[in-house]
């Protein structure tokens, strides 16, 4: 991909073709894990484990998160060192698409965990360099628009879950193969036809400074990291247990119903994120929308904690899903703005990716400690407190000059 670049004058914007193909590839990345982790894996575990499905899901989340944490940093660093991000994306795509259908071979928890760990390795071989590509080729003046486009990823991931769980379309094993085909169809166009414009300022190495260093940029990075971690703890809990929580309120909810709820909320977030992202670009207020969305997410969790029937639960989740989706998409884009050294972009994004994976290490223990004693309502109150703290951290970040 990089061999076809030509330097552009200052003020140029990345062309729309690359932006759209990148958004499609990011959507393919989401398709690789959203339907599997939210619907297909819980349904398979429920069928395999019976009454132990909550603890089995906790074990799966823990093992997968450990491998995802390590492999994302590793492959981000390797893509920095080699400068061949496209090759790493392609290799990860092959492994991901091969291992998804292999999940059907698992007959017990050890085999399922082994396949899950191997799949996470391949998945993050694809996702880590793919994330760094946006930092390599999208200038700061388009970061809000990039965030809006990135909101397509979870929506398309949810849509793939709706598609593969249509009753009568495919059996449990065939669903995994269908997901693999969808992932390849979305990621390959970027690798084959991306041809992004080059922006030398995005790739210029920043040397380490000697003597006193202004601490404010580092403080912004730390606050951004902690805020996303806190929001992602809440997101991870709903990501893994949305289906089970809805089933606890109404036994009439089926796997396809849960996928539809998840998908509708995420698709509503797409136009909202595009509008908010474009406003953030024009007003030069990259952090303010993040703070507001975090505050709304916390309020929605409090509403979900008190939901006693299905309509209230779905309304609370709709607000939660909308606000948190806008937050996560815009945060991913604005993170590229604050990272200090382009030559370590892949590695640093891998460290930021810990905010996506560490919650899966925290969430199982938190869920197992809270839900049996206090129910999901008690869990949601704790999550609301964490997310409101995230909002406070983001409101404390000064406006850029």
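The values are calculated or read from the model by the stated rules, or taken from the named source; none is laboratory data. Computed from a prediction, not measured in an experiment: that's the story for all the values here. Positions of Cβ are generated from backbone atoms using ideal geometry, with glycine treated the same way; all protein chains shown enter the neighbour counts.
Identify, from the list 125, 103, 48, 31, the residue that is in contact (Cβ under 8 Å) with a residue 40 or more places away in the chain, surrounded by 24 or more Cβ atoms within 10 Å (Cβ to Cβ) and farther than 20 Å from residue 351 by Cα. Outline the logic, then answer.
Values: 125 fails: farther than 20 Å from residue 351 by Cα; 103 fails: surrounded by 24 or more Cβ atoms within 10 Å (Cβ to Cβ); 48 fails: surrounded by 24 or more Cβ atoms within 10 Å (Cβ to Cβ).
It is 31.
Can you confirm whether residue 393 is crowded, with 24+ Cβ neighbours inside 10 Å and at pLDDT 90 or above?
No; evaluated as a whole, the condition is false for this residue.
Taking region 285-296, which residues are touching a helix residue (DSSP H, G or I) at 6+ places or on another chain (Cβ under 7 Å) and either in a helix (DSSP H, G or I) or over 24 Å from residue 20 (Cβ atoms) (or both)?
287, 289, 290, 291, 293, 294, 295, 296
Please state which one of 247, 228, 252 is closer than 22 Å to residue 38 by Cα, out of contact with any helix residue (DSSP H, G or I) (no Cβ under 7 Å at 6 or more places or on another chain) and surrounded by 18 or more Cβ atoms within 10 Å (Cβ to Cβ).
Just one listed residue meets the conditions, 247.
Kindly establish whether residue 58 is modelled with pLDDT under 85 and in a helix (DSSP H, G or I).
yes
Among the numbered conditions (1) outside any helix (DSSP H, G or I); (2) modelled with pLDDT under 80; (3) within 22 Å of residue 234 (Cβ to Cβ), tell me where residue 251 comes up short.
Among (1) outside any helix (DSSP H, G or I); (2) modelled with pLDDT under 80; (3) within 22 Å of residue 234 (Cβ to Cβ), the lone unmet condition for residue 251 is (3).
Do you know which residues across region 303-317 are surrounded by fewer than 17 Cβ atoms within 10 Å (Cβ to Cβ) and either in contact with a helix residue (DSSP H, G or I) (Cβ under 8 Å, 6 or more places away or on another chain) or not in a helix (DSSP H, G or I) (or both)?
Those that are surrounded by fewer than 17 Cβ atoms within 10 Å (Cβ to Cβ) and either in contact with a helix residue (DSSP H, G or I) (Cβ under 8 Å, 6 or more places away or on another chain) or not in a helix (DSSP H, G or I) (or both): 306, 308, 309, 310, 312, 315.
Could you say whether any residue in region 267-284 is over 23 Å from the mean Cα position of the chain (by Cα) and either at pLDDT below 80 or part of a helix (DSSP H, G or I) (or both)? Can you show your working first?
Keep residues of region 267-284 that are over 23 Å from the mean Cα position of the chain (by Cα), which gives 282-284.
So of that shortlist, the ones also either at pLDDT below 80 or part of a helix (DSSP H, G or I) (or both) come out as 282-283.
Yes, region 267-284 contains at least one residue that is over 23 Å from the mean Cα position of the chain (by Cα) and either at pLDDT below 80 or part of a helix (DSSP H, G or I) (or both).
Just for helices (runs of 4 or more DSSP H) wholly inside region 88-173: which have at least 2 residues that are modelled with pLDDT of 90 or more? Break it down stepwise before answering.
On the way: elements: 109-137, 143-150, 152-164.
Passing ranges, in order: 109-137, 143-150.
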